[in-house]
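Heads up, the thing below is written out as structure tokens.
Nothing in this text is a laboratory measurement; each read-out follows from the coordinates by a stated rule. Bear in mind the structure is a predicted one, so any value in this text is a computation, not a measurement. Backbone-built Cβ (ideal geometry, glycine too); neighbour counts: all protein chains shown.
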């Protein structure tokens, strides 16, 4: 019996060569999803009937000579804060009115379906894409496939767990301060937060209106590019959507780092006190490998990177508080998980001037980033590279949300500036947990981000490492 | 007044204004983290941004 494909690109080839059908692929992945719900707990809802119907349609289209592109017949999970017409949406919360989800697909889901994607299930998350899992809310808590006592990260915890655990090949996450890249780093997969406005966020429960993104998560940068190609594009239903042409996301992928100029902002990103030695050494080793493959490393600086962290948090929590205020100030307040409620409560303590000052800081940080990138072809750099998270995935035990708030982060600044940033696996800690690094690009220059990330994945195989749990799954759930 | 008393007064003022219900445990936490909030918001007030325009744009159009 054949094994299952490891990546979307591979599955797309298998589907076209007749090595596998979409129904067989979907059935095998459904079996994996059900088999791991008591351990990984990645899903809030596994949509068996919808998925199989989608798979049958995809196979019928192939048989009729209809090919809608590389996502046709590929099962994809959707974070359960994004609306789907054939399943409820919960945002992992007892607070969200069920009526909110009784609507058509979110714009991005609509695009995926039009491309022949098999919508597979609704993935778990941190409540309202913030907070920390709270067993009292009645939802399962997704686990890290590399070690079940550890978090897969958040808030796209279910997507990280499901893709990292080999249950599905790709899924949607959302990201307001690192919720795609954090789980990608902790679970040993790839995940991109593209340029703000590149992908519509219509149909997603907001967290921070001016920071929110819906982004793809998959094993490889190439798979993320395949997904983003379909997801991207102007949407008049999203006030933040940018009306600009969508480039060929895979167009610059040539597997080469020769001539690539990489900016390395060592101050802050490689020097903050909570940065684990393992993480620092791993990302430095990745930079060395890229230099050995022909890239040039250039020291750059973003002087107010730490202030950016504060501006992102004030912006996110203020915008979230505005959305949640009616529920936080009513009897529904008791229905939030305690960590979520506590996180949102802080929004009441920021003033209007605090919020506007955070917005006044954004152009300063943007200019510092522009200076760091410089001018292409005139001594400027193509991308920046920094660690994704300061440590490997922490254990559930001993979680201290206030300590978490105090710690330095490397992902929020790219939400604040809106720059595209992908997290890709860069190695493992001494304890065997995945470590990720971010490749950050110029505005709307996702193709260069993908080129560099893909080229790194051509010279390394960190992204192909499979956790033991997924190796067991591969033995148990093979297609008929 | 001590810093803790100041923080408690500020917390109670905001809670009264918003009508946001909190448990005693949550009120204690808010008092504990209030200095951190003040530190963060203080960090947003930079000489470099004294005359900066905020990143707030409203498109004056009927199209969206």
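A few notes on this one:
- At R0 = 35 Å, FRET efficiency that the Cβ-Cβ distance of residue B:16 and residue B:52 yields, to 0.05: 0.55
- Reference-scaled alpha-carbon Rg (2.2 N^0.38 Å with N residues) for the stretch A:345-480: 1.36
- Compared with the dominant principal axis of the Cα atoms in chain B, helix B:24-43 is inclined by about 40°.
- Label-to-label distance, residue A:63 versus residue A:332, with points set 7 angstrom from Cα along the beta-carbon direction: 4.6 nm.
- Sequence of A:224, A:204, A:240 once ranked by neighbouring C-beta atoms within 10 Å, starting from the fewest: A:240, A:204, A:224
- Our summary gives the stretch A:8-476 a relative contact order of 18 percent, counting only alpha carbon pairs under 8 angstrom and 6 or more residues apart.
- Over chain A, DSSP H runs of length four or greater, each weighted -39,500 (n - 2.57), average out per residue to a 222 nm ellipticity of -11500 deg cm²/dmol.
- Largest to smallest principal axis extent of the C-alpha atoms in the stretch A:164-223, angstrom: 31, 18, 18
- Prolate/oblate/rounded call for chain A, Cα gyration tensor, a/c under 1.5 rounded: rounded
- Three-way shape call for the stretch B:3-44 based on the alpha-carbon gyration tensor, with the a/c threshold at 1.5: prolate
- Rounded, prolate or oblate (a/c below 1.5 giving rounded, otherwise prolate when a/b exceeds b/c) for the stretch A:76-180 by Cα gyration tensor: oblate
- Residue exposure sequence - A:362, B:45 - by fewest surrounding Cβ within 10 Å: B:45, A:362
- Using R0 = 56 Å, the C-beta based FRET efficiency linking residue A:85 and residue B:36 works out to 0.85.
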